[in-house]
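Written out below as structure tokens is the structure these notes cover.
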Amino acid sequence: MLKVHFIHGLESSPTSRKALVLAEHFDAETPAMDTSDFESCVALHAERLRERRPDVLIGSSFGGAVALALLQRGFWCGPTLLLAQAGIHYGLEPTVPGEATVLLVHATGDDVVAVADSRKVAAVNSSARLLEIEDDHALSTAVAAGKLVDWVLMVADEASAHPPQ
């Protein structure tokens, strides 16, 4: 079974809709974190990734910023799914390591984190691909329709088809 590591959003938790969907379909881990301290969140997930290496890392909004920081700092270089990532909002550069397969999913109607931030990441990284959809910030419609599972499988398949050199 595919192992996934999910980093929840700012106002979310391990019992959020996305976390529960992931747990239904994968061997999923969603650590609880204190979202008031960005650096402690990065440290928590870096430690968990050392202890349990997943097949896919997933970050949503604030969690997408944490995932982007993990990529940039070398704590992770594997397949990554970023959902409405807020990395640029948190002052991170739009870069990811070239060997990491990254799928960004962002709603064009997102009124919390601008889709332009994910466009920046995709524009400067050949290993990152952006999927723009019509939805809200939480990607509620897509998650309810089962798209989250599809995206996890998509990024895992892309990574296995194009392993790092």
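Readers should treat all values here as calculations from the given coordinates under stated rules, not as data from a laboratory. No experiment lies behind these values; they were computed from the predicted model shown. Glycine gets a Cβ as well: all are built from the backbone with ideal geometry, and neighbour counts include every protein chain shown.
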At 4 °C and 1.567 mPa s, the Stokes-Einstein diffusion coefficient in µm²/s for the chain, with hydrodynamic radius from the Kirkwood sum on alpha carbon pairs, is 85 µm²/s
Subtracting the Cα-Cα distance of Ala161 and Ser13 from 0.36 nm times their residue separation yields 50.1 nm
Set of lysines with alpha-carbon distance to Lys18 below 20 Å, sequence-local pairs under 8 removed = Lys3, Lys147
Helix-only [θ] at 222 nm, the chain, -39500 (n - 2.57) per DSSP H run of 4+, per residue, nearest 500, equals -11500 deg cm²/dmol
Debye intensity ratio I(q)/I(0), log10, the stretch 1-93, q values 0.17, 0.20 Å⁻¹ (C-alpha model) = -0.61, -0.87
Estimated FRET transfer efficiency when R0 is 25 angstrom, pair Thr108-Ala23 (beta carbons, to 0.05) | 0.30
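If I take R0 = 35 Å and measure r between the Cβ atoms of Val124 and Met1 in this structure, what FRET efficiency does the formula 1/(1 + (r/R0)^6) give, to the nearest 0.05? Let's see the in-between values first.
Values: r = 34 Å, r/R0 = 0.97.
Approximately 0.55, to the nearest 0.05.
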For the chain, modelled as a GNM with alpha-carbon contacts under 10 angstrom, which of Ser140, Ser127, Ser61 fluctuates the most?
-> Ser140
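State to the nearest 20 debye the size of the charge dipole of the chain about its Cα centre, where the only charges are +1 on K and R beta carbons and -1 on D and E beta carbons. Walk me through the numbers on the way to the answer.
On the way: 12 positive and 22 negative charges, 74 e Å.
Roughly 360 debye, rounded to the nearest 20.
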Two-site label geometry, Glu132 and Ser36: point separation in nm, points 7 Å out along Cα→Cβ | 3.7 nm
